[in-house]
Amino acid sequence: MVKEIERAGLPVVHVATVVPISKTVGANRIVPAVAIPHPLGNPALDDKAQKNIRRRIVEMALDALQTEIDCQTVFGEE
Amino acid sequence: MKDKLKVVHYINQFFGQIGGEEKANIPPSYKDEPVGAGMAFNNALGDSAEIVRTIICGDTYFNENLEEAKAEIKKYLIEVKPDLVIAGPAFNAGRYGMACGAVAEVANGELGIPVISGIYPENPGYDMYHQYAYFVETTNSAAGMREALPAMVKLIKMYIEKDGDLGRPEEAGYLPRGIRNNIFVEERGSLRAVKMLVAKINGDDFVTEYPMPVFDRVDPVPPLKDLANAKIALVTSGGIVPTGNPDHIESSSASKYGKYSISGVKDLTALDYETAHGGYDPVYANNDPDCVLPIDVLRDMESEGKIGKLYDYYYSTVGNGTSVANAKSYAQEIAAELVSDGVQAVILTST
């Protein structure tokens, strides 16, 4: 799906837990998520902390959308 | 007569009869006996081979802790030193296919143990790990177990009879591994090439000896320039839908996608939204759908002026087992609408 959206000319960021799958399907901008059943949250934490995590991932995703790249790039990896 | 081959079988928590999605987080463990389909393998293999150990791991654990899972499984394999590893079959279960492939990478790539598995060709596990295992083609769901099992047994028996020399994929009945072998043939290359060319000119059928790889890649488009004035849209394959799933999006192999208005919606609550996605534990997404589709955070950023606007609709489908062809056509339709509505960038979330 990411590939078709990008083909239409829109910058798209894939927020995905299993990064190898995201790479295989051909996403160009990839932001790793927390876990498969809760990619943008962590139920072990309280609501506020969860939202902070989510905010961080979304900010990373928006940064990725604003970054010039020339090949598949995983953002936020050390 | 040859000795019985020692076989280790890798399966997930479901086929390992430990549990469903609620057990998908379990780390690797083993039993020194066949489990589930392993018993059918054992019976069918008769005197030729025997499953001496079954390794079981939760699909979610495996994918979220790839290196740990691989290391643990490598340990289990080294203890037994099997002659052969059977993985799955995984059908079109994405996480399971990735796990079977990674097990094959450890067994075959690191330890030199041959691996026989079964998989649906669109499973990302095949694309990623095809060189490490002889994958028998299966249907896309476990309903095809009745065909997959004998096909895998046939390949295992052939492997034993031929002493590991299975020959070409199309002859032996496994999916191509992308490996080239030197072979002797009657006719020299120039003659074969000319014959192929003549056949092509005559419009006759011919089989290439070196299929070109298909790289369906899209070049990255230029980045978003002006975030503070941009219209951003959310798309998800995580199946978030209004409560009651009004479009009846299927929990797996989705035949459709939904478009839902979020105009005025500040936060997704358990009351109004849920997930239609099967194949992962839905508890978290149902409790707080924002953890799949981050509306709350994007609304905050909208009111802080960090982003221009969150697009008034979001699009959702279920990624579980959905065919590539379908996903592609949904995304083409979605992208066309987004472009015509002036959306400038997309965040796509996947579970």
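A few notes on this one:
- Protein heavy-atom accessible area occluded, A/B pair - total, 1.4 Å probe, Å²: 4600
- Modelled FRET efficiency - R0 30 Å, B:V214 with B:K259, Cβ distances, 0.05 increments: 0.45
- If you take all other residues with their beta carbon under 12 Å from the beta carbon of B:G20, and give Lys and Arg +1 and Asp and Glu -1, the sum is -3.
- Per residue, the convex hull spanned by the Cα atoms of the range B:227-349 measures out at 88 cubic angstrom.
- Sites listed here are GluC sites (Glu not before Pro) in the range B:176-256 whose DSSP assignment is loop and whose Cβ has at most 16 other Cβ atoms within 10 Å: B:E186, B:E187, B:E209.
- Between the range A:49-72 and the range A:10-41, the Cα center-to-center distance that results, in Å: 11
- Pairs of alpha carbons in the protein assembly as shown whose separation is greater than 29 Å (percent): 50
- For the range B:113-202, the spread of Cα positions along each principal axis, largest first, Å: 45, 30, 23
- Net charge of neighbours whose Cβ lies under 14 Å from the Cβ of B:G101, counting Lys and Arg as +1 and Asp and Glu as -1: -1
- Whole-Å distance, taken between Cα centres, linking the range B:1-70 and the range B:77-119: 10
- With the simple model of a label 7 Å out from the Cα in the direction of the Cβ, A:C71 to B:E79 spans 4.0 nm.
- Calculated FRET value between B:A270 and B:E337, using beta carbons and R₀ = 30 Å, to 0.05: 0.60
- Taking the accessible area of the range B:5-172, probe 1.4 Å, and keeping the other protein chains in place, the carbon and sulfur fraction comes to 49%.
- Here the simple spin-label model places points 7 Å from the Cα toward Cβ, and for B:D163 and B:K328 these points are separated by 4.4 nm.
- Counting only DSSP H runs of at least 4 residues, each contributing -39500 (n - 2.57), and dividing by the residue count of chain B, the helix-based mean residue ellipticity at 222 nm comes to -9500 deg cm²/dmol.
- Under the Debye formula (equal points on every Cα, no solvent term), log10 I(q)/I(0) of chain B at q = 0.06, 0.14 Å⁻¹: -0.30, -1.12
- The range B:167-183 residues near the modelled B:R192 label - backbone nitrogen below 11 Å, point 7 Å along Cα→Cβ: B:181-183
- The label point for B:R180 and the one for B:A228, both projected 7 Å from the Cα toward the Cβ, are 5.5 nm apart.
- About the Cα centre, charge dipole magnitude for chain B (Lys/Arg +1, Asp/Glu -1 at Cβ), debye: 860
- Mean projection area, nm², convex hull over Cα of the range B:5-172: 8.3
- Both radii come from the Cα set of the range B:137-247: Rg as radius of gyration, Rh as Kirkwood radius; their ratio Rg/Rh reads 1.18.
- Comparing Cα centroids, the range B:283-326 and the range B:189-247 end up 25 angstrom apart.
- Using equal-weight Cα scatterers in the Debye expression, the normalised intensity of the range A:2-74 in log10 at q = 0.11, 0.15, 0.28 Å⁻¹ is -0.29, -0.51, -1.26.
- The order of the peptides B:24-32, B:139-147 by mean Cβ neighbours within 10 Å, most packed first, is B:24-32, B:139-147.
- The range B:220-351 - charge dipole about Cα centre, Lys and Arg +1 at Cβ, Asp and Glu -1, debye rounded to 20: 420
- With the helix formula -39500 (n - 2.57) applied to DSSP H stretches of n ≥ 4, chain A reaches a computed 222 nm mean residue ellipticity of -12500 deg cm²/dmol.
- Accessible surface of the range A:2-74 [probe 1.4 Å, protein heavy atoms]: carbon and sulfur percent: 51
- FRET E, pair B:D32, B:N286, Förster distance 45 Å, beta-carbon r, rounded to 0.05: 0.70
- Nearest 10 degrees, 0 to 90: helix A:47-65 Cα axis against chain A principal axis: 10
The values are calculated or read from the model by the stated rules, or taken from the named source; none is laboratory data. Quantities reported herein were computed from a predicted structural model and do not represent experimental measurements. As a convention, Cβ positions derive from the backbone with ideal geometry for all residues, glycine included, and neighbour counts pool all protein chains shown. To get the accessible areas, we keep the full protein, side chains included, count just its heavy atoms, and leave off ligands, DNA and RNA. Shrake-Rupley method; radii C 1.70, N 1.55, O 1.52, S 1.80 Å.
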